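The values are calculated or read from the model by the stated rules, or taken from the named source; none is laboratory data. This structure is a prediction, so every number in the text was calculated from the model and none was measured. Please note: Cβ atoms are built from the backbone with ideal geometry, for glycine as well, and neighbour counts cover all protein chains shown. When the accessible area is computed, the model is the full protein with side chains, heavy atoms only, and any ligands, DNA or RNA have been set aside. Shrake-Rupley method; radii C 1.70, N 1.55, O 1.52, S 1.80 Å.
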Amino acid sequence: MNPLLKEIRQSRLLWMLVFVPVVVVAERLAPAAHTTLFLLAVLAIIPLAALLSHATESVAHRTGDSVGGLLNATLGNLTELIIAVTALRAGEYMLVKASIAGAIVTNSLFMLGACFLLGGLRYHVQEYNRSGARLHSALLLMATVALLAPSAVADLDAARGDAMAQKISASLAVLLIVAYGLGLLFSLKTHKELFASADHSGDDNSEIWPIGLAAGTLVAVTVLVALVSEIFVSSVQHAGETLGMSPAFVGFIVVAIVGAAAEMAVAFSAARKNRLDMSVSIALGSASQIALFVAPLLVLLSYVIGPKPMDLQFWPGAVTMVLIATLTCSFITSGGRSAWFVGALLLFIYAVFAMTLYMVPPGSHTPI
Amino acid sequence: MNPLLKEIRQSRLLWMLVFVPVVVVAERLAPAAHTTLFLLAVLAIIPLAALLSHATESVAHRTGDSVGGLLNATLGNLTELIIAVTALRAGEYMLVKASIAGAIVTNSLFMLGACFLLGGLRYHVQEYNRSGARLHSALLLMATVALLAPSAVADLDAARGDAMAQKISASLAVLLIVAYGLGLLFSLKTHKELFASADHSGDDNSEIWPIGLAAGTLVAVTVLVALVSEIFVSSVQHAGETLGMSPAFVGFIVVAIVGAAAEMAVAFSAARKNRLDMSVSIALGSASQIALFVAPLLVLLSYVIGPKPMDLQFWPGAVTMVLIATLTCSFITSGGRSAWFVGALLLFIYAVFAMTLYMVPPGSHTPI
Amino acid sequence: MNPLLKEIRQSRLLWMLVFVPVVVVAERLAPAAHTTLFLLAVLAIIPLAALLSHATESVAHRTGDSVGGLLNATLGNLTELIIAVTALRAGEYMLVKASIAGAIVTNSLFMLGACFLLGGLRYHVQEYNRSGARLHSALLLMATVALLAPSAVADLDAARGDAMAQKISASLAVLLIVAYGLGLLFSLKTHKELFASADHSGDDNSEIWPIGLAAGTLVAVTVLVALVSEIFVSSVQHAGETLGMSPAFVGFIVVAIVGAAAEMAVAFSAARKNRLDMSVSIALGSASQIALFVAPLLVLLSYVIGPKPMDLQFWPGAVTMVLIATLTCSFITSGGRSAWFVGALLLFIYAVFAMTLYMVPPGSHTPI
């Protein structure tokens, strides 16, 4: 039997693929039903993200260690990237920036917290490799600091007409991409043994597809995600207003969770199998990748496809939330032990952030 | 002999109980002598706090593990709570908020620093249980972040007329209380072995009273503390002006130290017996409890007993001080070793905070 | 052969001493060629700093453990101190404050990052003493927090006419000096065994000079550094304008790197010999000393030699950069292991700071 069909049949998540045609048809029939379209688009993106993730891993597995690792690392946040690129083309820069900051916070508080909670409900105390976690959290901390330093230090705002904001963001983007390239060299070549335990391609749950099927799925699903993202981005503004959500909230919370859904499924499943090493490396590694690769790539892409260049200046509340999230999770993971309440508290912090952002979107006051 | 009288006879601290009638009488005779009343009230609260602490432990000890643990955890900061409730009723919200923030800072810098210094003057290097300290400091860090996130992210101020400040604080209070409840479940039920070494009810110094005496003392002393707190709160404003102290300074430093005096006595004595595990758990546990229990409880109580609801928005300098104190002491305690100079430096940071707050109370400029 | 001449002959760095007469003569001939004078002064200070460092160590070695340790600790940042004193006399307070903040950031990000990178290029993974590093980073973190607390909490500015800024800075300076004195007692007397591994006077590369030569060199070179610093400080303003550098950038980056050049040479060489313990202790110890000794000393000196008293209020961006740098390097060094990419990321953060400061000097906007 075709492995793709077999996968869809076995995985309950993939039954949600039915929402893909539904949302496309719905958009033709009722282009003004923004809230419905928004919800359908969210439901459609989740199974596509899961397929994308599986296809990427299969391609990576078939192309050997170095190329495969590179692919896995580069395409790991492909869903977030496609959504952000769509928003970029539409000029929705607040949504893009919020989704960058939100992805880091969501990966380091929500994904990690849920892993600790889910794992902790099954195991009394979970131990994981301290020095591996320490390495990941050190890299995440430094990546985040590099991304946020200009926003934290200089109060610039391109919207206000600060010409310097654009120049500084472009230089920063180049620095971050260089750092990302060196990071790949480090994790895939010179020190790959340090990241070996974090390898999750061998997860017994998932079958490795043949290269043709995998590559074909990768391309086809990318197109589908782009298609659905278009509907998502065009409906989100209006839907947000209806549901009382600001663009900042949608980007920070909704896009971040939807975009990371596939990785979360893998990380949660690993936590419930007492393989917290894998969960921690997925959560922290993905957050680092957003800071070092997705964010600067979007800035550079904005010169080509955006209505105008995007800068990397974040609003002050976002800087605070991202730094708090990263510092907290660096500190928590450096211990190498976890129990359910640690996860619950991380989720509480995430809930407090979400609540604050929902009630007080940036700009409603001059936030600190 | 009556154990209560025996205790009073043996403990020099309890001789200070004489200040209780003195302050009550003085308030009748000279209600305008604010500075004297303020000083007498401080002197009267200290021995009452010690009695309260002893009575709570005795009740806790007699009622068995779970109920006792619950009582101990809930009534551990009873003195702070009574003073804050009195200030709440008088509408002194700046004093209340400053005492919440100040109690966290005082417990994590002053109490811990003094323990390290006192212990270090007697022992060359003191070792304590790293993983226990790590757990306590992780919980404190997360509790503090959850408490402060709205203040750090959104610059709201109910006094300025931000309707949202109240709504967000009420929601936050409910979230924190839920987190506190789960924390009790964690520390008293599912993972009580992790907190076992921190048990300080078995301190050989103190005798366990019979349940009747203990419960009676608990009730009677609570009433006395409430009585003295009334005098304290009504005199503090004027006395502060005379002594050049702002309400923020009084709440942050004076109330915080007075309220924690009883716990400090226990923590210091443990440090001098080379039982730093106990000292660390008292200091950090008490600070966590302020963030997760006392602060939200006061918000909820303000709806019932205050002239108007209180919010949980802290002034920016308080947010900075609390976050710095918590991060620093999390970092320091994660090492599991201490020497006198570590304690001295923690006390220096506390002194710098106190000095700054004394010289530049919040509001004198727009603080960052 | 005279050991001083032998040293100059052997060390390629000391050939640069030729720039000392060159810059002095150049200043006479072309006092208006500010950019050339600035560059020549930088080139002249570097070998002088190396000589100063060697002379200090020789004097320290000859005068025995306690006096020697005291000298080494006190004169370790002598070059920074002389440059800062010269700037102080000229009333260039922005330059002085920027060089204080910049020295902490440069030592904790640039020096440490370069050590990790240089060591990592030669050794796959380098291990160092965790508990030693933890002690140094704890002391650095606390010293920095104490130095910055007033700036972080109260938005005062003597330039704006806040009388309190001066008073608070003077009190802070006294507190810091007392803490420094206690720190010497701790590291040289009561707990010197904890700092023993950090002893770098026994570095096999350098020869110990006789006391007469060492003391004479110390005095003579101090005079030369003061002389060259005079030229440096008087040319830096104009040169900065020509090269597009603000006084904040020059102080934060240029003065900090030039002033620490000699220590860097020793730290880098230790890293390349796989003695990271020494590198970490030089970098963190020197940063602590800036916070606890150099900064308050300059405030106190400003009452004697400055045109008016200097305060210790730093601009908000400096506070953020110093705290981020200190927290990050505390976290990184607490692991006890390093590889090249860790160093590279620290250097990237430093580069981002430098870039931001170059493009957006403080004051160009109201920075957060």
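Couple of notes before you dig in:
- Annotation: average projected area of the protein assembly as shown is 45.4 square nanometres, based on the convex hull of Cα atoms across all directions.
- Comparing mean-square fluctuations of C:Val228, C:Val178, C:Val322 from a GNM of chain C with C-alpha springs under 10 Å, the top value falls on C:Val178.
- Whether the stretch A:44-84 is rounded, prolate or oblate, judged on the alpha carbon gyration tensor where a/c under 1.5 counts as rounded: oblate
- Think of a 1.4 Å ball rolled over the protein heavy atoms: the stretch A:309-368 then has 22 Å² of accessible area per residue.
- Probing with 1.4 Å while keeping every protein chain in the model, the per residue accessible area of the stretch A:165-297 equals 35 Å².
- Peptide-level mean, for A:130-141, of C-beta atoms on other protein chains within 10 Å: 3
- Remark: the stretch B:1-130 carries a charge dipole of roughly 200 debye about the Cα centre, counting +1 on each Lys and Arg Cβ and -1 on each Asp and Glu Cβ.
- Within the protein assembly as shown, helix-based [θ] at 222 nm, where runs of 4 or more DSSP H residues each add -39,500 (n - 2.57), nearest 500: -23000 deg cm²/dmol
- For the stretch A:44-134, accessible area per residue (1.4 Å probe, heavy atoms of protein chains only), Å²: 30 Å²
- Fluctuation leader among B:Leu312, B:Leu182, B:Leu29 - chain B, Gaussian network, Cα springs under 10 angstrom: B:Leu29
- The number of Lys pairs in chain A with C-alpha atoms less than 30 Å apart, excluding pairs fewer than 8 positions apart on the same chain, is 6.
- Unit charges at the beta carbon, dipole of chain A: most positive-side option, A:Val233, A:Leu78, A:Phe331: A:Phe331
- Listed residues B:Asp311, B:Asp155, B:Asp277, most fluctuating in chain B (Gaussian network, C-alpha, under 10 Å): B:Asp155
- Backbone N atoms of the stretch C:214-247 closer than 16 Å to the 7 Å Cα→Cβ label point of C:Arg28 belong to residues C:227-228, C:231.
- Area buried, chain B against chain A - accessible surface, total, 1.4 angstrom probe, square angstrom: 3300 Å²
- Debye equation applied to the C-alpha atoms of the stretch C:242-368, log10 I(q)/I(0) at 0.11, 0.15, 0.21 Å⁻¹: -0.48, -0.88, -1.47
- Our summary gives chain C a relative contact order of 38 percent, counting only alpha carbon pairs under 8 angstrom and 6 or more residues apart.
- The accessible-area ordering, largest first, of the residues C:Arg122, B:Arg134 stands as C:Arg122, B:Arg134, per a 1.4 angstrom probe.
- Of the whole protein surface, A:Leu227 contributes about 90 Å² of accessible area at a 1.4 Å probe radius.
- Distant-in-sequence amide contacts of C:Asp155, defined by a placed amide H-H separation under 5 Å and a gap of 5 or more residues or a different chain, comprise B:Ile368.
- Portion, in percent, of the accessible area of the protein assembly as shown that falls on carbon or sulfur, probe 1.4 Å: 65 percent
- Equivalent ellipsoid semi-axes - Cα gyration tensor, the stretch C:120-177, angstrom: 38, 13, 8
- In this Cβ point-charge picture (+1 for Lys and Arg, -1 for Asp and Glu), chain A has a dipole of about 320 debye about its Cα centre.
- Shape of chain C, Cα gyration tensor, a/c cut at 1.5: rounded
- Net dipole in debye of the protein assembly as shown [+1 Lys, Arg Cβ; -1 Asp, Glu Cβ; about Cα centre; nearest 20]: 880 debye
- At least 20 Å along the helix axis (C-alpha) and Kyte average at least -1.0, DSSP helices within chain A: A:34-62, A:130-153, A:163-184, A:211-243, A:316-333, A:340-359
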